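The values are calculated or read from the model by the stated rules, or taken from the named source; none is laboratory data. Since we're looking at a predicted model, the values are computed, not measured. Backbone-built Cβ (ideal geometry, glycine too); neighbour counts: all protein chains shown.
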């Protein structure tokens, strides 16, 4: 499947604008999600060779395999019901903001095939948490899904940084009932000032507000407590990561996602004059370093989802070996095709078999 995609399908898609090709992919998966017999057949095919895979237990959830679809692909909860048919063991939608917003001016997504990389400055374009909640209400809910669904929350561009907790709380209130886990995205480089929420004082304020709301929801509404994770940037220094981990421990978050896109411009990208976050192969090493650092700093007690630069089985295994419980892909799927997750899951099972 990968060879067919890379030789026949990808050249056609790459003749189109990056965002246009992305939207075609979302439309195709949204259609697949509505075609139950085809979806079931593809899921059976995707899971061939993974029968021996050990399910992953993390933050109170069970994942059929370690490979997830990262936030950024399905921003508005249109395509995620088809994710299991592609071999994914979980899927994360969003980033969703309290207010609907168009995102940054186009063009805002750029492919670099020779580097297996993408630069994007999308700017959290999405329909807003109210519209996304309404759509999720019509789809399978927690306990009735093939794979866990994460919901990634961000700050609306129009909201001042001082009022960020209120913004996240509005989305939390609307979306918590539909999420198997929630992610607080404080690390996208494409919303002005957002990364300031990684500063210790602002992060403490945000986590205090959201974890208190989560506890109150469980205590007074009789609902389950939703696992909450934090997504951090690869551009943090080690002391900054230590500070973030301290706040995570203080508020007993359930996990961390390492990492988002980077503002660094290594190697070839030193000469590229495009603003935005860089993802793909150039981020691989830094993201893995951070996964390993967090695993060592927390004694392996904090579940980590490793993201960044996974383009093959070795890249996924590298992050799992560094201490990640799960991995996520997105840019890798652009270059390897829709069944990249199934290929990774099978490859990881085979790797376990050989090492056993």
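Couple of notes before you dig in:
Rundown of residues vs (1) modelled with pLDDT of 95 or more; (2) within 22 Å of residue 315 (Cβ to Cβ); (3) buried (at least 22 other Cβ atoms within 10 Å of the Cβ); (4) touching a helix residue (DSSP H, G or I) at 6+ places or on another chain (Cβ under 8 Å), yes/no style:
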site: 10; (1), (2), (3), (4): yes, yes, no, yes
site: 21; (1), (2), (3), (4): yes, no, no, yes
site: 36; (1), (2), (3), (4): yes, no, no, no
site: 50; (1), (2), (3), (4): no, yes, no, yes
site: 62; (1), (2), (3), (4): yes, no, no, no
site: 81; (1), (2), (3), (4): yes, no, yes, yes
site: 92; (1), (2), (3), (4): yes, yes, yes, no
site: 95; (1), (2), (3), (4): yes, no, yes, no
site: 101; (1), (2), (3), (4): yes, no, no, no
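- Pairing residues of the range 18-45 that are touching a residue at least 40 places away in the same chain (Cβ under 8 Å) and on the phi < 0 side of the Ramachandran plot with residues that are part of a helix (DSSP H, G or I) and surrounded by fewer than 17 Cβ atoms within 10 Å (Cβ to Cβ), at Cβ distances under 7 Å and at least 6 apart in sequence or on separate chains, gives 32/38.
- Residues of the range 323-338 that turn out to be surrounded by fewer than 24 Cβ atoms within 10 Å (Cβ to Cβ), in contact with a helix residue (DSSP H, G or I) (Cβ under 6 Å, 6 or more places away or on another chain) and over 18 Å from residue 15 (Cα atoms), as a count: 1
- Selected residue (criterion: farthest from residue 148 (Cα to Cα)) from residues of the range 215-231 that are in contact with a strand residue (DSSP E or B) (Cβ under 6 Å, 6 or more places away or on another chain) and free of Cβ contacts under 8 Å to residues at least 60 places away in the same chain: 230
- Counted residues, the range 324-356 - those being touching a strand residue (DSSP E or B) at 6+ places or on another chain (Cβ under 9 Å) and not in a helix (DSSP H, G or I): 7
- In the range 123-140, the residue that is nearest to residue 193 (Cα to Cα) out of those that are touching a strand residue (DSSP E or B) at 6+ places or on another chain (Cβ under 7 Å) and assigned to a helix (DSSP H, G or I) is 129.
- Residue check for residue 72: at pLDDT 95 or above, in a loop (DSSP other than H, G, I, E, B) and closer than 28 Å to residue 302 by Cα: yes
- Filtering the range 264-280 to residues that are over 16 Å from residue 331 (Cα atoms) and not in a helix (DSSP H, G or I) leaves 264, 265, 266, 272, 273, 274, 275.
- Candidate set: the range 188-198, residues that are without any contact (Cβ under 8 Å) to a residue 40 or more places away in the chain and in a loop (DSSP other than H, G, I, E, B); chosen: the one surrounded by the most Cβ atoms within 10 Å (Cβ to Cβ): 193
- Only one of the numbered conditions (1) within 22 Å of residue 28 (Cβ to Cβ); (2) more than 20 Å from the chain's Cα centre (by Cα) is not met by residue 51, and that is (1).
- Summed over the range 141-152, the residues that are over 17 Å from residue 171 (Cβ atoms) and in contact with a strand residue (DSSP E or B) (Cβ under 6 Å, 6 or more places away or on another chain) give a count of 2.
- Candidates 309, 300, filtered to the one that is assigned to a loop (DSSP other than H, G, I, E, B), closer than 16 Å to residue 113 by Cα and in contact (Cβ under 8 Å) with a residue 12 or more places away in the chain: 309
- Filter result for residue 91 (assigned to a strand (DSSP E or B) and more than 20 Å from residue 226 (Cα to Cα)): no
- Check on residue 272, more than 18 Å from the chain's Cα centre (by Cα) and buried (at least 16 other Cβ atoms within 10 Å of the Cβ): no
- Hits in the range 215-243 - residues which are closer than 17 Å to residue 61 by Cβ and in contact with a helix residue (DSSP H, G or I) (Cβ under 7 Å, 6 or more places away or on another chain): 223, 224, 225, 226, 228, 230
- Of all residues making up the range 229-262, the number that are surrounded by 15 or more Cβ atoms within 10 Å (Cβ to Cβ) and either under 15 Å from the mean Cα position of the chain (by Cα) or assigned to a loop (DSSP other than H, G, I, E, B) (or both): 19
- For the condition modelled with pLDDT of 95 or more, under 25 Å from residue 334 (Cα atoms), surrounded by fewer than 19 Cβ atoms within 10 Å (Cβ to Cβ) and more than 18 Å from the chain's Cα centre (by Cα), residue 115 qualifies.
- Those helices (runs of 4 or more DSSP H) lying entirely in the range 1-56 with at least 1 residues in contact with a strand residue (DSSP E or B) (Cβ under 6 Å, 6 or more places away or on another chain): 18-34
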